[in-house]
Structure formats: C-alpha cells, structure tokens
Amino acid sequence: MPKIGNTRETRQRKVVYEAVKHSKDHPTADMIFKHIRNTLPTVSLGTVYRNLNVLKDQGLVIELRGPDRKAHFEGDLTPHAHFICTHCGAISDIEGCPAPDWEQYPCLAGYTVEEHSLEFRGVCPQCAS
Ligand SMILES: [Zn+2]
Ligand SMILES: [Zn+2]
C-alpha cells in the first residue's frame, strides 16, 4: 500500500482496509466504523468515510450501492456477481455465475470498458421462505 500522509493516517487507513477486506457482508461506512472502534477508539466516522474514498480511488476497494441507497464496500476485487435483496437489504456474492462474453458485443465497439458489474435484485432465499 502506498505511504501517503502521516503515520497515524496511514495506520488508520490500513485498519479500515483490513476491516473491509475481511468482511464478507459488503459493509457500509457505519458498519466499518462500529467494527474498528475497538482497534481505533479515537477514530471518527468522517475519518472512516475519507479513508474509504481514498482506498476506492487507489482501486483497493469497490463501492456498490445497496437498496438502502447507501454506499457499501468490499475488498474482493475478483469479478463476481451480486444478489441484492430488496426485502432485507442483504448483498450476497453469487459465485460461479457464467459471465457474459460482453467483450464480443458489437454494440460496445469503440467503447473502452473500465468496469462492469452483474447485479441481480429481488428476494433472497431467507426472505422468500
Ligand atoms: Zn432478504
Ligand atoms: Zn461482493
């Protein structure tokens, strides 16, 4: 990770990054804040937000939009699909979903794709039962 800012700032960013990377539930800034307060009792929610945006700009975390309209973050950069439950708000990783061969699409000729995502919305199995 590039060293930017003073050591306290760098340490805080590392803790935020580790928290995102090790959580599987696509946390919001709020959730990360609550999670790291044990490690960093003096950290503020504003600092968590700022660090998440820096990490996003550095390409270390991905931001996705939940049904709650909040920004959710994850550190798993391998391409994978998401299922977003419109009932409980859970964002689940969908593994092994066949990826469309979108690079061959004639409608994308001339466009340079920097990212794309596959997102399903609906009701998750827990809410459906
Ligand atoms: Zn659900
Ligand atoms: Zn994910």
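What follows is calculated from the coordinates using simple rules that are stated; it is not laboratory data. Note that the structure is a prediction, hence the values are computed from the model and not measured. For neighbour counting, all protein chains shown are included, and Cβ atoms are generated from backbone atoms with ideal geometry for every residue, glycine included.
The average projected area of the range 7-74, computed from the convex hull of its Cα atoms over all directions, is 4.2 nm².
Phi-derived couplings, Karplus 6.51 cos²θ - 1.76 cosθ + 1.60 at θ = phi - 60°, listed residue by residue for the range 67-73: x, 7, 6, 8, 7, 10, 10 Hz, with x used for Gly and Pro.
Dividing the summed -39500 (n - 2.57) terms of all DSSP H runs of n ≥ 4 by the residue count of the chain sets its mean residue ellipticity at 222 nm at -9000 deg cm²/dmol. About its Cα centre, the range 7-74 has a charge dipole of approximately 160 debye under the convention of +1 per Lys or Arg Cβ and -1 per Asp or Glu Cβ, with nothing else charged.
Would you please classify the overall shape of the range 41-88 from the alpha carbon gyration tensor, given that a ≥ b ≥ c denote the square roots of the eigenvalues, rounded means a/c under 1.5, and beyond that prolate means a/b larger than b/c while oblate covers the rest? Oblate is the answer for the range 41-88, as a/c is 1.5 or above yet b/c matches or exceeds a/b.
Cross-link partners for K70 among the lysines, with Cα-Cα distance under 19 Å and sequence neighbours closer than 8 places in the same chain left out: K21, K24, K34, K56. With a simple spin-label model that places each label point 7 Å from the Cα along the Cα-to-Cβ direction, the separation between R8 and T42 comes to 0.4 nm.
Mean-square fluctuations from a GNM of the chain, with a 10 angstrom spring cutoff on Cα atoms, peak among H26, H116, H35 at H116. Rounded to the nearest Hz, the phi-derived 3J(HN,Hα) couplings of the range 76-88 under the Karplus curve 6.51 cos²θ - 1.76 cosθ + 1.60 (θ = phi - 60°) are 7, 8, 5, x, 8, 8, 10, 10, 10, 7, 7, 8, 9, where x marks glycine and proline. Net length available on complete extension from Q104 to D76 is 7.5 nm, with 0.36 nm assigned per residue and the Cα-Cα distance removed. If you sort the three axes of the alpha carbon gyration tensor as a ≥ b ≥ c, you get a/c of 1.5 or more for the range 81-128 and a/b above b/c, which makes it prolate.
Close amide H contacts of A81 (hydrogens built in the peptide plane, cut-off under 5 Å, sequence separation of 5 or more or a different chain): I94, C97. Against the chain, whose longest principal axis comes from its Cα atoms, helix 7-21 is set at around 30 degrees.
Shape class of the chain from the Cα gyration tensor (axes a ≥ b ≥ c, square roots of the eigenvalues): oblate, since a/c reaches 1.5 or more and a/b does not exceed b/c. Applying the Karplus relation 6.51 cos²θ - 1.76 cosθ + 1.60 with θ = phi - 60° to the range 114-129 yields 3J(HN,Hα) values of 9, 7, 8, 9, 10, 9, 10, 10, x, 10, 6, x, 5, 6, 6, 8 Hz, where x marks Gly and Pro. Label sites at T86 and E63, each approximated as a point 7 angstrom past Cα along Cα to Cβ, lie 2.4 nm apart. One decimal place: the segment E114-Y49 gains 21.0 nm when fully extended, by the rule 0.36 nm per residue minus the C-alpha distance.
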